[in-house]
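Here the structure comes first, spelled out in structure tokens, and everything after it is commentary.
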Amino acid sequence: MPPQLNLILIGPPGAGKGTQAERLREDFSLPFISTGEMLRAHVREGTELGLAAKAHMDAGGLVPDELILAMAAARLDEDDTQDGFILDGFPRTTAQAHALDDQLRGEGRRITAAILLDVPDEAIIERIAGRRVCSAGNGRTHNYHVDYDPPKHEGFCDQDGTALVQRDDDRPEVVKHRLAVYHEQTAPLVAYYEEQGLLRRVDGTRAPAEVHDHIRALIATLRLEDSL
Ligand code: AMP
């Protein structure tokens with residue numbers, strides 16, 4: 001059996017993780033697992049988890065680890081992760097990273113690489129102000145930017161034709177808080193994966209197509225290394 005390709009995308013909000021994960025899903029037919037998308041689905045459906053998570057999400061804070069861990073663990077154990085997975089937005093704290101390591105180790109699996117999409121805060125603020133997402137609401141959200149990655153027909157998703165909207169937590173005052181939370185709670189994961197030799201840095205300020213090419217080249221190298 002070929003080794004699994006188990007990837008983690010790390011980066012501040014608006015670094016392009018969702019955009020890249022969508023492209024990578026098409027390239028590699030691996031499941032793209034976004035805990036943010038999963039939580040938004042819970043909020044839409046009004047589940048107990050959704051109700052507990054909503055206030056944290058609206059405020060731009062993190063949903064407590066104990067709520068996230070069970071949801072993520074169950075998702076990673078679904079059948080479609082047999083060849084690997086692409087994680088976006090998880091892990092987001094050191095406690096989550098440890099829990100993920102423990103789960104994978106227990107199942108004889110391991111992380112192949114943690115890819116950091118590096119983008120400075122000033123660029124993030126500008127990007128998020130222009131970010132629009134489609135309202136398909138089926139867990140397959142497509143992302144656009146009004147200037148840098150506009151849809152063919154203004155205001156509507158190219159893929160499913162639904163209206164484009166701004167995420168509630170993309171409002172400027174919430175974005176500043178999300179960035180602070182990223183630096184405080186998620187950025188330590190960069191050192192965590194670097195120490196394990198798993199970190200790969202990508203310049204996330206480049207155009208989406210260039211970032212995509214860089215990640216594909218990286219994955220090709222990882223596969224080669226793994227098959228040696
Ligand atoms: P995202 O779509 O990844 O930007 O996530 C949106 C929001 O969902 C975040 O601002 C958090 O409130 C929450 N969230 C998503 N993933 C996690 C996670 N792994 N741990 C804690 N909170 C999360």
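The values are calculated or read from the model by the stated rules, or taken from the named source; none is laboratory data. The structure displayed is predicted, hence computed values, not measured ones. Reconstructed Cβ throughout: ideal geometry from the backbone, glycine too, with neighbour counts over all protein chains shown. All accessible areas refer to the heavy atoms of the entire protein, side chains included, with ligands and DNA or RNA removed. Shrake-Rupley method; radii C 1.70, N 1.55, O 1.52, S 1.80 Å.
What is the distance in Å between the Cα centroid of segment 159-228 and that of segment 50-91?
16 Å
If you count only protein heavy atoms with a 1.4 Å probe, what accessible area per residue comes out for the chain, rounded to a whole Å²?
Spelled out: the 1.4 Å probe surface of the chain, per residue, equals 50 Å².
Just check the chain against the gyration tensor rule for me: Cα atoms, a ≥ b ≥ c as the square roots of the eigenvalues, rounded for a/c under 1.5, and otherwise prolate or oblate depending on whether a/b exceeds b/c. Provide the component values of the computation, followed by the final result.
Details: a/c = 1.43, a/b = 1.22, b/c = 1.17.
Rounded, because the longest to shortest axis ratio a/c is under 1.5.
Magnitude of the Cβ-charge dipole of the chain, K/R +1 and D/E -1, about the Cα centre, nearest 20 debye? Numbers along the way, then the final one.
Values: 25 positive and 39 negative charges, 38 e Å.
Computed about the Cα centre, the dipole is about 180 debye.
I'd like the carbon and sulfur percentage of the solvent accessible area for the chain, probe radius 1.4 Å, heavy atoms only, ligands and nucleic acids excluded.
On the way: 5960 of 11430 Å².
Carbon plus sulfur share of accessible area: 52 percent.
Which one of Tyr148, His56, Thr112 is farthest out on the positive end of the charge dipole of the chain, using unit charges on Cβ (Lys, Arg +1; Asp, Glu -1) and the Cα centre as origin?
Working it through, the farthest residue towards the positive pole turns out to be Tyr148.
To the nearest 500 deg cm²/dmol, what mean residue ellipticity at 222 nm is calculated for the chain from DSSP H runs of n ≥ 4 alone, each contributing -39,500 (n - 2.57), summed and divided by the residues? Don't skip to the end; give the middle numbers.
On the way: 9 runs with 108 residues, N = 228.
About -14500 deg cm²/dmol.
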